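This report refers to the structure that appears directly beneath it.
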Amino acid sequence: MKLKFGYILLILIIGGGFIIAGIINVNYYSDDPDSAHNRSKNNVLDVINPNDVNDALVDSSMQHIRKGHTIKDFSFLNQMGKEVTLADLDGKIYVANFFFTTCGGICPKMSKQLQRVQTEFSDDDNFMILSHTVNPKYDSVPVMFNYAERFEADHDKWWFLTGSKEELYISARQSYMVVPSPDDPHFQHGDESDFIHTENFVLIDPDKRIRGMYDGTNKSEVSEMMRDIYDLKKEYKLN
């Protein structure tokens, strides 16, 4: 009887060890065991297409697309007054987000997290950050420059982009898929109410494909994004 009890106890101890190991493995990417949400079963970053994203954030003409989505070309001005196009990102990994400078709620939190990302990849010439305004009527080049200075942006690595509101929203909805339609009566664009839906950071690979979407106000998800950037660097053999 004692032998049988000892055998059972040994099985429980070994089984408990596997359970603990499993928990440690699950929690590798962040404090939230479900946060490594951008990976396929073989632990490779997924390619995200319009059909994978909440319809409210995707242009209606694209909601059916299941594969082949890439970022569309654009032309905006950065905080230095320089024209920026998609060609300037050739061969690079980058993170994109949308904000506005007078937002006092989540935008500063997002920008502080992007400061962390900029610091992590400060010496990496193959990585960029693009922060787009959704309120270009106010966010002129000088205003964007001052905001960039506030968050100690490296002007060669972290661009704050402004331009035509129409083009910015086309980019947001047809490329990055992160904001509701400008015609949606439930949202006042360029207002705090937008940002219940636009806290996402979007990770783009050198082939201009979306490889991850993260809550930019969540430190754990941003840490996950940084690990994903390192994995993309390995995938594309970028130093």
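The values are calculated or read from the model by the stated rules, or taken from the named source; none is laboratory data. Predicted model, so just to flag it, every value in this text is computed and none were measured. All Cβ positions, glycine included, derive from the backbone under ideal geometry; neighbour counts span all protein chains shown.
The set of residues from region 36-73 being modelled with pLDDT under 95, closer than 14 Å to ASP205 by Cα and over 15 Å from the mean Cα position of the chain (by Cα) comprises just one member, VAL44. Looking only at region 157-173, filter to residues that are in contact with a Leu (Cβ under 9 Å, 6 or more places away or on another chain) and not in a helix (DSSP H, G or I); which one of those is surrounded by the most Cβ atoms within 10 Å (Cβ to Cβ)? If we take residues in region 157-173 being in contact with a Leu (Cβ under 9 Å, 6 or more places away or on another chain) and not in a helix (DSSP H, G or I), then PHE160 is surrounded by the most Cβ atoms within 10 Å (Cβ to Cβ). I'd like the full set of residues that are aliphatic (A, V, I, L, M), assigned to a loop (DSSP other than H, G, I, E, B) and surrounded by 15 or more Cβ atoms within 10 Å (Cβ to Cβ), limited to region 66-92. The one that is aliphatic (A, V, I, L, M), assigned to a loop (DSSP other than H, G, I, E, B) and surrounded by 15 or more Cβ atoms within 10 Å (Cβ to Cβ): ILE71. Among the residues examined, SER131 qualifies as among the small types (Gly, Ala, Ser) and touching a strand residue (DSSP E or B) at 6+ places or on another chain (Cβ under 7 Å).
Each row is one residue, and each column tells you yes or no for (1) touching a helix residue (DSSP H, G or I) at 6+ places or on another chain (Cβ under 6 Å); (2) under 11 Å from THR162 (Cα atoms).
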{"site": "ILE93", "(1), (2)": "yes, no"}
{"site": "PHE99", "(1), (2)": "yes, yes"}
{"site": "LEU114", "(1), (2)": "no, no"}
{"site": "SER122", "(1), (2)": "no, no"}
{"site": "LEU130", "(1), (2)": "no, yes"}
{"site": "ASP139", "(1), (2)": "no, yes"}
{"site": "PRO142", "(1), (2)": "no, yes"}
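Table: residues versus (1) closer than 17 Å to ILE170 by Cα; (2) in contact (Cβ under 8 Å) with a residue 12 or more places away in the chain; (3) in contact with a Cys (Cβ under 9 Å, 6 or more places away or on another chain); (4) aromatic (Phe, Trp, Tyr).
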| site | (1), (2), (3), (4) |
| --- | --- |
| GLY68 | no, yes, no, no |
| ASN78 | no, yes, no, no |
| LEU86 | yes, yes, no, no |
| ARG116 | no, yes, no, no |
| THR119 | no, no, no, no |
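Among the candidates ASP207, ASP184, single out the residue that is under 24 Å from THR70 (Cα atoms), in contact (Cβ under 8 Å) with a residue 24 or more places away in the chain and exposed (fewer than 14 other Cβ atoms within 10 Å of the Cβ). So that I can check it myself, show each step before the final result.
Working: ASP184 fails: under 24 Å from THR70 (Cα atoms).
Exactly one of ASP207, ASP184 is under 24 Å from THR70 (Cα atoms), in contact (Cβ under 8 Å) with a residue 24 or more places away in the chain and exposed (fewer than 14 other Cβ atoms within 10 Å of the Cβ), namely ASP207.
Conditions (1) β-branched (Val, Ile, Thr); (2) part of a loop (DSSP other than H, G, I, E, B); (3) closer than 20 Å to ASP123 by Cβ, marked per residue:
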{"residue": "ASN135", "(1), (2), (3)": "no, yes, no"}
{"residue": "VAL143", "(1), (2), (3)": "yes, no, no"}
{"residue": "HIS155", "(1), (2), (3)": "no, yes, yes"}
{"residue": "SER175", "(1), (2), (3)": "no, no, no"}
{"residue": "PHE201", "(1), (2), (3)": "no, no, no"}
{"residue": "THR217", "(1), (2), (3)": "yes, yes, no"}
{"residue": "SER223", "(1), (2), (3)": "no, no, yes"}
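Taken over region 48-63, the criterion of being surrounded by 11 or more Cβ atoms within 10 Å (Cβ to Cβ) and not acidic (Asp, Glu) is satisfied by ILE48, ASN49, PRO50, ASN51, VAL53, ASN54, ALA56, LEU57, VAL58, MET62, GLN63.
Checked against (1) touching a Ser or Thr at 6+ places or on another chain (Cβ under 9 Å); (2) surrounded by fewer than 21 Cβ atoms within 10 Å (Cβ to Cβ); (3) more than 26 Å from ARG209 (Cα to Cα), ASP139 meets all criteria but (2). Annotation: ASP31 fulfils all but one of (1) touching a helix residue (DSSP H, G or I) at 6+ places or on another chain (Cβ under 6 Å); (2) under 25 Å from ASP207 (Cβ atoms); (3) at pLDDT below 95; (4) surrounded by fewer than 15 Cβ atoms within 10 Å (Cβ to Cβ); the unmet one is (2). Only one entry in PHE98, PHE76 is within 14 Å of MET177 (Cβ to Cβ) and in contact with a strand residue (DSSP E or B) (Cβ under 6 Å, 6 or more places away or on another chain), namely PHE98. Considering the conditions (1) closer than 27 Å to LYS137 by Cβ; (2) over 19 Å from the mean Cα position of the chain (by Cα); (3) not hydroxyl-bearing (Ser, Thr, Tyr); (4) not in a helix (DSSP H, G or I), ASN239 is excluded by exactly one of them, (1).
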